[in-house]
Each structure stands twice: as C-alpha cells, then as structure tokens.
Amino acid sequence: MKRYILSILAGAALTACFSFNEPETVKNEPGTEIKQGWKSLFDGKTTAGWHIYGKGAISSAWKAEGGAIHLDPAARKQGVAGGDLITDQEYDNFHLKLEWKIAKNGNSGVIFYVHEDPEKYHATYNTGPEMQVLDNEGHVDAKIHKHRAGDLYDLIPCSKETVKPAGQWNKAEIVANQGKLEMFLNGTKVVSTTMWGEDWRKLVAGSKFASMPGFGTFKSGKIAFQDHGDEVWYRNIMIKKL
C-alpha cells in the first residue's frame, strides 16, 4: 500500500510539472505582471495603454465595453474620427494572445512590428505584417487568395482554416522570436515562416507590399488593431516578451 501511495504522489507531481494551463491573472490592469511572464494589454474597462496611430489621443470610435475593445462604426458615421488602434509600447521578440470577434461581412486585422512614423509611413500596414481578421463567409476579401481569416495577409495563406463564423470568438496567437514567426488560430498553427532573410524579401516582393520599402523590415514595433470601417471586438489581450 505504501508503494502504491508513493506512486500516486509521484504521478501527481509529474502532472503538475508538465501542466500547460493558461496563465492566471494576478491583477487585470494594463502592464501588470501576471504568472509565467505574461502582461495584460487591456484592463477590460479602459483603453489605457493604447492610442490612434499617428495621434496622441484615443478615438471614441474605439470603446472599452463588455470586457472587450470594440470598434463602433456607427460612431464614425456620426463624424467621429477612427483610425488604427495601436499600443503605446514597442515589442521585439514576443508571444501575443488575444480573442477576436468580427461582425457579419466585417474586416479587420492584427498588425505587428508597426513603426510609428506617420510623416514617413501614413498607415500601420506600411511597415507591419498583418494577421487577417475577417468574416470569410460574408466579406468579398475572402475570395482573394491569402486574404482570408488567419492568413498572413497577402503573403502566406493558412495551412488549415479553423476560423469560426461571424459573431463568434476566435482565439489567435502570434509568436515572433528572432525572426521566426508562427501564427495560431483556435489552437492550430496556421502560418510558419522566417522573417528578414532573402526568402522573406522575395515573399514581400511578390505581394502588394512590394512598393512599400519599410514593410516587414523592422525588428521591433507596436501592435495595432485595424480600423477597416467594420464592427470588431478584441478581448483577453496578453503578451509575453521572449
């Protein structure tokens, strides 16, 4: 019996050692350290830590409500200026986790390695690659190869489509470490590539970004949520520096 109990205890210890549960939040505030080195980029209540690209302020078209950051296109129709929402801080090697939900026929994107210099680069996509956020069933962009949800926009298509329909939450991850780029959608790795080498430059040269000399060249930058004029939500936004 003693040997049996020791065996059970040893098994429990191994299970604890190799548990890969989601990081547990200590405090839900921007920049707060959470377990396993993660930080929250959204406190669930405000847009603190974010601003509009090229501007020091936030746009009221982007709202913190219902535990999510929400782009309200109705506000834009009422004359409120929009723009891409961007982090105050820059990141080089990182693991980003978030959830997104798109409205029917909607389009948005998660753009990273954004170099914020609006006098030289008028938009976030002039420098930052994008993980596409899209209603594949309703938006015309879905008819274009490499423009579907989860694609590395206009560069690499998903290896497998795992996106959920409009109105449902999707879990996305972007891991960028020393040039190695991996993207996950709903638990499945959908894109894997290496940035900044000769193969990357050829990839960019064959895309719509070929005429943008700064695109995909920066090794540190900000993270942006694209304002494409459609309703979109982002929540549970966490990042870990690698």
Selection from region 157-197 of residues part of a strand (DSSP E or B) and of a type in the set (S, T, Y) yields T188, S192, T193, T194
In region 198-218, residues that are assigned to a loop (DSSP other than H, G, I, E, B) and more than 21 Å from A172 (Cα to Cα) total 12
Taking the criterion of being touching an Asp or Glu at 6+ places or on another chain (Cβ under 8 Å), surrounded by fewer than 17 Cβ atoms within 10 Å (Cβ to Cβ), farther than 18 Å from Y91 by Cα and at pLDDT below 50, would at least one residue in region 31-43 satisfy it? no
Residue pairs qualifying under the 8 Å Cβ cut-off, at least six apart or on distinct chains, with the first in region 137-158 being over 22 Å from I174 (Cα atoms) and the second being part of a loop (DSSP other than H, G, I, E, B) and among the basic types (K, R), are G138/K104
Of the residues in region 142-153 that are under 16 Å from the mean Cα position of the chain (by Cα) and part of a loop (DSSP other than H, G, I, E, B), the one that is surrounded by the most Cβ atoms within 10 Å (Cβ to Cβ) is A149
Notebook entry, point to check: Among the residues of region 126-141, is there at least one that is under 20 Å from N93 (Cα atoms), in contact with a Ser or Thr (Cβ under 8 Å, 6 or more places away or on another chain) and surrounded by fewer than 20 Cβ atoms within 10 Å (Cβ to Cβ)?
Noted result: no
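Is it fair to say N105 is modelled with pLDDT under 95 and either in a loop (DSSP other than H, G, I, E, B) or within 30 Å of E137 (Cα to Cα) (or both)? Talk me through it step by step, then tell me what you get.
Working: modelled with pLDDT under 95: no; either in a loop (DSSP other than H, G, I, E, B) or within 30 Å of E137 (Cα to Cα) (or both): yes.
Spelling it out, it is not the case that N105 is modelled with pLDDT under 95 and either in a loop (DSSP other than H, G, I, E, B) or within 30 Å of E137 (Cα to Cα) (or both).
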- Query: Any residue at all in region 80-92 that is crowded, with 22+ Cβ neighbours inside 10 Å and charged (D, E, K, R)?
  - Reply: yes
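The values are calculated or read from the model by the stated rules, or taken from the named source; none is laboratory data. Just so it is clear, the model here is predicted, and its values are computed rather than measured. Neighbour counts run over all protein chains shown; Cβ positions are idealised from the backbone, glycine included.
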